[in-house]
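> First, the structure itself, so that you have it in front of you.
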Amino acid sequence: MQWSQIKTLFIICFLVLDLFLLRQYLASQKSEITTIPQVSSTEEDLSVNLYGTEILSRDQVMKEPLITAASKEFSEEEISTLKSLPNQDIAVVNNTTIISRFKEPVPINVESIKPETLQNSFLNSDQYVKWDEEEDTNIIVYFQTMERPIYFNRAGLLLIQLNEDNEMIGYIQTMLVEVDEPKEDRTLITDYNAVSTLFNNAKVIRSEQTIEKAELGYHNLIPSPYGVQVLNPTWKITVSERDNRESFLVNAIEGHYFARDEDTFLANTIDSFVQDFRTTNRTQIEIFSNGKNLEEEEEKENFIEEIITQLTTNIND
């Protein structure tokens, strides 16, 4: 073989090798480009469309257990304390529900009222927290707390009734107690993901609204008035737009949005208390005025009807 042919063969081989190496290099560059971290469209959507997202956490790991709870039965000692409360006629239904009316309306500052400042009017008043939303029903809604608030649960409520002068005229009170069950911490979604659910999936948060705060509490979609129930860790997301504020609940474990209408909840809850009051065996209702039990059937029936009238008139005003 002549030298010129050998040289040509070498040139062709090196050319083929160069082309192969060039192809490998371009492939590796393409792989590096596609693995560059990108900002997710979800993050872009929230920061572009909503105000206040800087208060949210994208990666904070939080863990909370499920809570097993049941309706509290008020003890004889607690009922004795109720009897000593001034200016009240009180009914205790099934030892689980306190329904009271004030003999004389009690002036309060609606804007700054806190249950703990009214210890002479309620049992365990420091275990409730005011719901943010203001209703047009002359009823102030407080939710019970177990370290964190328990949202929209008939068995853990303090409903304070007001007259047209914003004076207290009565209240309904229920409580939950924790059942001693083994607890296992569950990993929660972040408050940022909860807002993403509300904005991108449920679409109940609108563009240009402001995220005011994100708070962790508990909620049960179908709470039992008397039986044992499981409370799920739940994000409460509060948003505002101009002078309007509204709050939304998101399951902090599974990420589901809980649709809750405050007016409907309040109306249904009052109605359920009224029905209980009407149908409960009178032997399961203890009524006392001025610290003394009402024993006469006629007195009891009159009191029950007066309380029902007060409740239903208040909720319909």
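> Please indicate, with yes or no, whether at least one residue in the range 220-232 is among the small types (G, A, S), under 18 Å from L56 (Cα atoms) and in contact (Cβ under 8 Å) with a residue 24 or more places away in the chain.
No, that holds for no residue.
> I would also like to ask the following. Kindly indicate which of T187, T145 is in contact with a helix residue (DSSP H, G or I) (Cβ under 9 Å, 6 or more places away or on another chain) and over 30 Å from E306 (Cα atoms).
Going through T187, T145 in turn, the sole match is T145.
> Need pairs with beta-carbon distance below 8 Å; first residue within 19 Å of S75 (Cα to Cα) and among the small types (G, A, S) and within the range 283-301, second modelled with pLDDT of 80 or more and assigned to a strand (DSSP E or B); sequence gap 6+ or separate chains.
S289/D89; S289/I90
> Now for a different question. Only strands (runs of 3 or more DSSP E) wholly contained in the range 221-317 count here; list those with 1 or more residues that are over 20 Å from the mean Cα position of the chain (by Cα) and in the same structural domain as V92 (by TED's automatic domain parsing).
285-289
> Could I ask something else about it? Within the range 163-213, work out how many residues are part of a helix (DSSP H, G or I) and either more than 20 Å from the chain's Cα centre (by Cα) or assigned by TED's automatic domain parsing to the domain that holds L311 (or both).
The total comes to 1.
> A follow-up question, please. Yes or no: T145 within 27 Å of N244 (Cα to Cα) and modelled with pLDDT under 90?
Criteria not met by T145.
> Given S100, S125, S80, which one is in the same structural domain as N293 (by TED's automatic domain parsing) and either at pLDDT below 90 or aromatic (F, W, Y) (or both)?
None of the others qualify; the one that does is S125.
> Among what's in the range 64-108 and is acidic (D, E) and over 26 Å from the mean Cα position of the chain (by Cα), pick the residue that is nearest to L221 (Cα to Cα).
E78
> For N120, state whether it is free of Cβ contacts under 8 Å to residues at least 24 places away in the same chain and in a loop (DSSP other than H, G, I, E, B).
no
> Anything in the range 190-220 that is β-branched (V, I, T), touching a helix residue (DSSP H, G or I) at 6+ places or on another chain (Cβ under 8 Å) and surrounded by 20 or more Cβ atoms within 10 Å (Cβ to Cβ)? List them, or say none.
V195, I205, I211
> Please name all residue pairs, on different chains or six or more residues apart, with Cβ atoms under 6 Å, provided the first residue is in the range 129-145 and is assigned to a loop (DSSP other than H, G, I, E, B) and the second residue is among the small types (G, A, S) and at pLDDT 85 or above.
Pairs that qualify, where the first residue is assigned to a loop (DSSP other than H, G, I, E, B) and the partner is among the small types (G, A, S) and at pLDDT 85 or above, are D132/S247.
The values are calculated or read from the model by the stated rules, or taken from the named source; none is laboratory data. Everything numeric here is computed off the predicted structure, so don't read it as measured data. Note that each Cβ is placed from the backbone with ideal geometry, even for glycine, and that neighbours are counted across all protein chains shown.
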